[in-house]
Structure formats: C-alpha cells, structure tokens
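Colleague: Handing you a structure now.
The values are calculated or read from the model by the stated rules, or taken from the named source; none is laboratory data. Just so we're clear, the structure is a prediction, and the values are computed from it rather than from any experiment. No Cβ is skipped: glycine too gets one built from the backbone with ideal geometry, and neighbour counts run over all protein chains shown.
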Amino acid sequence: MAVCNDIQDRAHSILFEFARKLIKTTRQPIDLQPLPGNKSLHYPFTKMLNVKRVSFFYFTTIWVLHFFGLVTWGIFGICLIAYFSALTYGSMYINSKFYIKALCRAETVKNQIAFTFDDGPDPLISPQILDILKENNVKATFFLIGSKIPDNIEIVRRILNEGHIIGNHSFSHNNWFGFWNDKKITEDLKKTHSLVEENFDKKMLLFRPPFGVTTPFTPKFVKAMNYTTIGWSLRSLDTTIKSEKRLLKRLKLKLKPGRIVLFHDNMPQTVAVLKDFINFTLEKNYQILPLDELTGVKAYE
C-alpha cells in the first residue's frame with residue numbers, strides 16, 4: 001500500500017509539473033537568440049514539444065496510470081488540460097515548429113536581417129512602403145492575399161520590378177483558414193498561386209499561414225504545394241500597436257542577428273516607423289537582406 005501511494009504521489013507530482021510548464025510556456029512565444037558558432041539557444045522544455053512527442057507522452061501516461069490503477073478523474077483532467085494546452089500552443093506560435101518546421105530565423109551571428117510584409121497588396125499603404133524601401137535600397141518579401149491581387153495588379157508588378165520577393169498568404173485570409181481540412185486549404189492556396197503564375201509568370205515556393213496558425217493539416221498541404229513555410233522571429237505587432245513611438249521602441253529592443261521581421265503593408269503606423277527603423281539598423285551596422293539571400297531558401301521554381 002505504501003509503495004502504491006508513493007507511486008501515486010510521484011505521478012501527481014510529475015503531471016502537475018508538466019501542466020505548470022505547459023501553461024507557463026503558452027504565455028509567450030519562443031524568442032530564439034543567436035549563439036556563437038551559428039547555433040541557436042532553445043529553451044529545453046519547448047524544444048521537446050512537437051505534436052508526435054506530446055501525443056505519445058499523453059497517451060503513454062494515461063496507459064501507465066491505468067495499468068497501475070492510478071487513473072482518477074482529477075489525473076485524467078490534468079492530462080487532458082496539459083495535452084490541449086500543448087496543441088493550442090503549437091497552433092498559435094509558428095516559431096514553436098510544433099506541427100511543421102517553419103523557417104523563422106537565419107542561423108547566423110552576423111548583423112543581418114530580412115523584412116517581410118503580410119496582408120497586401122493594399123492600394124494606399126503598399127505604394128508608400130515601396131517608396132521607402134526603394135529610397136533606402138532595401139529588398140523585402142511580400143506575402144500576398146490572393147483576393148486582393150486582381151484589383152492591385154500594378155502594385156504587385158511594381159513589387160516584382162523593384163526586386164522584391166512575393167509569397168503566398170492564402171487567397172481568402174479567412175479567420176478559420178488554419179482549421180479547414182487540407183483539401184479546402186489547398187484549393188484556396190492554388191487560387192493565389194494560379195493568379196500569380198498567370199499574371200506574373202512566377203511559381204511561388206514561399207508560404208506564410210494566415211495569422212501564423214498551423215495545425216496537423218499544415219504539413220500535408222504544404223508538401224502538396226511544394227512550399228517552404230516562413231514564420232518570423234521579430235513580430236512588430238503593427239496590427240495592434242497604434243502608437244508609433246511604442247512600435248519603434250519594440251522594434252529597436254527586439255533587433256537581433258538573423259531575425260525575420262514581420263510587418264504588414266496595410267497599416268499606416270508601419271509607414272510612419274519604417275524609415276526610422278531602417279535608419280536605426282544602419283546605425284547599428286545591420287544589413288537588410290532579401291529573404292532568399294539571408295536564409296538560402298528558394299523563392300520560385
């Protein structure tokens with residue numbers, strides 16, 4: 001009886017610690033920092049998290065506890081909460097690489113970064129962004145929403161003509177995009193892919209999920225489209241931070257080698273801070289490189 005109680009207490013302790021770490025981890029995204037020798041610093045606990053390992057741990061734990069007759073509704077509830085916390089964490093934070101190995105930063109210690117812009121083309125904001133980039137000789141990557149392309153063909157043409165890269169950011173940018181089945185998602189992506197190929201003779205290979213949400217379906221449709229999934233390691237939060245001063249401060253504080261910076265080219269505050277941030281990177285002796293040059297990823301077939 002004493003041995004049984006000891007095992008039960010130990011099981012409780014392990015599960016509570018697992019749940020505590022999961023809940024703590026889900027409060028903020030992983031923030032990878034560069035280390036000498038082109039290595040990355042990963043938090044040991046988050047590094048182990050992916051959908052296969054977590055699922056194996058969960059079902060193995062339930063089986064072991066059941067085998068020893070230790071499964072109570074309380075223990076089962078803790079396991080279930082921990083499991084779904086991990087799944088939610090993996091969906092919300094693309095740089096966790098929980099469901100798919102997204103490219104979120106370059107493995108470099110050099111002062112080099114890349115700019116990316118989501119949710120365009122926008123008839124008002126995108127041209128202003130392009131003006132600033134051209135003035136400062138900066139090349140960026142634009143992840144386009146397909147439904148916006150037909151009314152903004154010339155803006156996309158300008159993006160390409162000025163040496164920038166374009167990628168697929170879905171056709172619909174639907175709030176539930178990440179939770180559609182792989183067939184529906186593939187059909188959506190193909191609309192944007194076909195639009196770009198027909199109008200600009202480009203077969204895109206880069207994809208960024210709307211909202212950065214990934215699910216168990218993500219690897220399947222990414223493989224079907226032959227895409228490389230691109231995340232980020234410096235999220236500007238320009239869709240939520242309206243204060244130009246706060247936005248610029250955040251960008252300056254988060255600047256690190258190898259960062260892939262996420263902006264949106266449909267936000268007026270992005271226009272307001274972009275030039276100042278470019279100037280700041282130059283003052284700190286940073287290079288802003290095209291995404292393919294920074295990471296070695298291939299942008300088109």
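Colleague: In segment 217-233, is there at least one residue being surrounded by 17 or more Cβ atoms within 10 Å (Cβ to Cβ), closer than 22 Å to P123 by Cα and at pLDDT 95 or above?
Modeller: no
Colleague: Here is a further query. On the given criteria, is G231 at positive phi and assigned by TED's automatic domain parsing to the domain that holds G120?
Modeller: no
Colleague: Quick check: is even one residue across segment 151-173 at pLDDT below 90 and not basic (K, R)?
Modeller: Taking every residue of segment 151-173 in turn, none turns out to be at pLDDT below 90 and not basic (K, R).
Colleague: Moving to a separate point now. Go through D119, D131 for me and flag whichever is at pLDDT 95 or above and in contact with an Asp or Glu (Cβ under 8 Å, 6 or more places away or on another chain).
Modeller: Every option except D119 fails the conditions.
Colleague: Considering each of T240, T270, T295 in turn, give the residue that is buried (at least 16 other Cβ atoms within 10 Å of the Cβ), of a type in the set (S, T, N, Q) and farther than 21 Å from L130 by Cα.
Modeller: Just one listed residue meets the conditions, T295.
Colleague: Can you spot a residue in segment 265-272 that is polar (S, T, N, Q) and in a helix (DSSP H, G or I)?
Modeller: Yes; the residues of segment 265-272 include at least one that is polar (S, T, N, Q) and in a helix (DSSP H, G or I).
Colleague: Would it be correct to say that I78 is within 19 Å of the chain's Cα centre (by Cα), modelled with pLDDT of 70 or more and either loosely packed, with under 13 Cβ neighbours inside 10 Å or not hydroxyl-bearing (S, T, Y) (or both)?
Modeller: The answer is no for I78.
Colleague: Taking segment 243-301 on its own, how many of its residues are among the β-branched types (V, I, T) and under 17 Å from the mean Cα position of the chain (by Cα)?
Modeller: Count: 4.
Colleague: Would you check which residues across segment 224-245 are closer than 21 Å to T141 by Cα and assigned to a helix (DSSP H, G or I) and list them?
Modeller: Across segment 224-245, the qualifying residue is only M225.
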